[in-house]
Amino acid sequence: MNKQSIIGLILIFGIFVGYMWWVSPTKEERELMQKRHDSMVAAYMDSMEQDRLLKEAKRQADSLAKAGDSTVINAIAQKTRANMGVFNVSAVGDSANLTIVNDVMSLTLCNKGARVDNVVLSGYTTYDSMPLQLITPSAENMNLIFATEENYNIETKDLVFVPYVDGKPYTATDNGTMTLTGSDSVVVSMRAYIGDSTGISSDRYLEYLYTVYGDQYEIGFVINFHNLGGVVREMSYLDFVWHNAMNRQEKVDQSSKNSRNPNKDMERNNSSIYYKPAKDKVDYLRIGRDGDEHVKTQVEWIAYKQQFFCAILMSDSTFENADISTVTRKDEERANYLCDMNSTIGLPFNGGNSSIPMHFYFGPTKYRDLRAMHKGFERMLPLGWGFFLTQWISRYAIIPVFNFLEQFNWNYGIIIVILTFLLRLVLFPLTFKSYQGSAIMQILRPEMEMLNKKYPNPDQAMAKQQEMSRLQKRAGYSPMAGCLPLLLQLPIIWAMFRFYPASIELRQQPFLWCDDLSTYDSILDLGFNIPLYGDHVSLFCLLMFGVQFFYTWYTMRVNSSSMNMPGMKFMMYLMPFMMLFLFNSQSAALNLYYFLSLTITMIQMILIRKFTSEQKVRARMAAYDIKAQSQPQKKSKWQARMEQMMKEAQKQQAAQQRQKR
């Protein structure tokens with residue numbers, strides 16, 4: 001080993017030691033970490049002891065149940081529920097629901113766990129005309145987990161909260177209902193008090209505060225720790241568990257429920273958990289599949305999104321972290337079950353007098369409404385955010401024009417027809433050059449065939465290409481003029497592909513034989529499943545297939561000279577059949593758009609071919625020849641460079657031929 005290597009190793013070792021010293025925690029940080037570790041160990045040991053006591057109590061209850069001693073059973077059950085230290089006084093009681101009905105939804109709050117137990121949206125129904133239930137009742141919906149200084153682990157789902165409405169005790173023993181409208185609002189407070197042998201401390205409690213408005217999908221949600229200093233153990237954050245068993249709201253191809261093909265299950269393929277890191281863009285779990293993610297950074301909001309509806313929990317500041325997951329339970333027997341979405345969210349905690357302000361949103365994923373909240377919620381909609389051109393086309397062209405046409409109260413099928421026509425009209429200057437170039441190539445077919453005969457050998461390919469390029473230039477045809485317009489159309493095509501399936505405005509809107517433009521239009525239920533195709537026949541998809549097949553046949557007939565590559569004809573005819581299988585379960589709106597767009601495109605192409613005069617093309621070629629003879633053509637640097645490259649290639653080919661001889 002030489003001197004330089006030794007010096008290098010010493011420097012690397014020194015940098016490593018310096019880095020380790022730099023990132024090592026300070027004395028204060030080590031003390032805080034040790035305190036947290038001791039607290040977690042104590043809480044864990046206490047939880048193990050509580051689990052042992054609960055199992056023992058359950059064992060005794062089971063044995064007594066066989067003997068039929070109900071009095072002792074109830075006593076043990078009450079003792080089991082009350083194993084929560086100072087929160088014993090809130091561990092026993094009867095659960096009751098309070099339902100608040102406003103202009104847009106019905107919200108049910110349960111005092112057991114102070115949870116949002118049920119949300120039903122007004123003005124919307126499921127595909128089979130049932131009430132649209134966005135939040136499914138469950139004791140696991142909401143749960144705040146923390147530890148007390150007495151080493152008791154508290155889960156709020158086990159606490160019975162005392163409800164207050166606008167500051168007054170809510171005394172109804174049965175489930176009650178309130179109605180709000182317009183500018184009305186109500187504040188519902190639910191409090192879990194602490195106490196001891198001397199009684200309840202009326203000024204020391206954990207509070208869930210809900211503010212519901214008369215005409216909004218958004219509700220205020222605050223967790224308050226009131227005078228609980230010395231009761232709740234000091235932690236940097238508390239775990240808040242938010243869960244929901246998602247219901248199916250849309251029609252689904254029955255063959256997709258037990259398959260792994262997400263294209264057949266549009267709702268599942270558009271459902272996932274979205275979240276917004278504090279210093280990053282909106283992110284999400286794998287769409288249409290089970291998955292989980294541990295988000296270590298601060299998070300602004302978390303959303304449970306379905307195809308057209310979502311439930312969002314947002315912080316007024318930030319959450320500390322989040323563990324999120326989607327799980328599809330195979331043992332779930334509900335016919336309308338979609339999947340489970342779960343989050344364990346780190347709520348910032350600043351001691352026994354903390355206040356943690358948040359908000360819920362339960363409602364539709366309508367672009368205008370989500371964007372108006374200025375929190376980036378609109379990025380849950382699949383509008384091609386990954387490519388700037390696609391998102392600009394969606395946000396600044398398609399959506400504004402679509403919203404403008406909505407104002408006329410036309411049928412949404414008519415709006416799609418008009419929007420498609422306007423789009424093809426805007427794209428016509430781009431497509432005109434492409435279709436005109438195709439017509440010119442059809443006129444030049446005899447000359448092209450003569451060149452093929454003149455240069456039959458592969459080693460003459462360069463010379464043949466030069467002759468063809470000159471022929472095309474004489475006729476005024478540029479290959480780039482045909483390719484560039486098609487490339488420019490791709491972002492628009494992709495934007496439309498993403499826009500229609502995500503538009504809640506099309507949900508349950510009829511057009512002709514279709515009763516819902518947001519999902520597939522079935523004119524025949526087969527009663528059996530065809531792999532990749534489905535168990536139904538979509539008429540709009542069939543119409544699209546028919547137009548695409550005729551378009552392919554016509555294009556190949558007029559461009560037969562360019563279809564000599566092996567397998568080209570097969571691939572061209574295969575494409576319509578692929579589209580037929582892939583789009584049979586897509587939304588009727590999307591298939592209607594493609595059918596109309598292909599029809600207009602085909603008509604434009606036929607008319608341009610018909611009115612492209614061969615006489616004008618021949619006259620242009622003659623004028624080009626006269627001009628070329630009278631004055632030399634100026635070549636651009638790019639043309640000169642290309643010609644030089646072609647000459648060099650010809651020399652290399654000639655040299656290779658001489659070597660072979």
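Ranking 536, 226 from most to least accessible surface, computed with a 1.4 Å probe over the protein chains only, gives 226, 536. The modelled label-to-label distance for the pair residue 296/residue 515, using points 7 Å beyond Cα in the direction of Cβ, is 5.2 nm. Less than 12 Å Cβ to Cβ from residue 327, Lys/Arg counted +1 and Asp/Glu -1: what total charge do the surrounding residues give? Here the count lands on -2.
For the range 176-183, backbone phi angles converted through the Karplus equation (6.51, -1.76, 1.60; θ = phi - 60°) give residue-by-residue couplings of x, 9, 10, 10, 10, 7, x, 8 Hz, Gly and Pro being listed as x. The spread of Cα positions in the range 286-400, taken along each principal axis and listed from longest to shortest, comes to 52, 39, 24 Å. Calculate the FRET efficiency for residue 555 and residue 610 from the Cβ-Cβ distance with a Förster distance of 22 Å, rounded to the nearest 0.05. So, using R0 = 22 Å, E works out to roughly 0.90. Taking label positions 7 Å along the Cα-Cβ direction at both residue 196 and residue 122, the computed distance is 4.9 nm, reported to one decimal. Per-residue extension of 0.36 nm, minus the Cα-Cα distance of residue 355 and residue 408, leaves a gain of 14.3 nm for this segment.
Using the 1.4 Å probe convention, the accessible area of the range 138-196 works out to 47 Å² per residue with neighbouring protein chains retained. Could you tell me the calculated FRET efficiency between residue 388 and residue 203, based on Cβ-Cβ distance and R0 = 51 angstrom, to the nearest 0.05? Efficiency for this residue pair is about 0.35. The residues of the range 228-360 expose, per residue, 40 Å² of accessible area to a 1.4 Å probe. Applying 1/(1 + (r/R0)^6) with R0 = 35 Å to the Cβ-Cβ distance of residue 317 and residue 92 gives a FRET efficiency near 0.50. Share of carbon and sulfur in the accessible area of the range 172-236 stands at 46%, probe radius 1.4 Å.
Length gained on full extension, residue 374 to residue 333, computed as 0.36 nm times the residue gap minus the Cα-Cα distance: 10.9 nm. Starting from the Cα gyration tensor of the range 93-142, take the square roots of the eigenvalues, sort them a ≥ b ≥ c, and report rounded, prolate or oblate (rounded when a/c is under 1.5, otherwise prolate if a/b is larger than b/c, else oblate). It is prolate, given that a/c is not under 1.5 and a/b is the larger ratio.
The values are calculated or read from the model by the stated rules, or taken from the named source; none is laboratory data. No experiment lies behind these values; they were computed from the predicted model shown. All Cβ positions, even for glycine, are placed from backbone atoms using ideal geometry, and neighbour counts span all protein chains on display. Heads up: the accessible areas ignore ligands, DNA and RNA and are worked out on the full protein's heavy atoms, side chains in. Shrake-Rupley method; radii C 1.70, N 1.55, O 1.52, S 1.80 Å.
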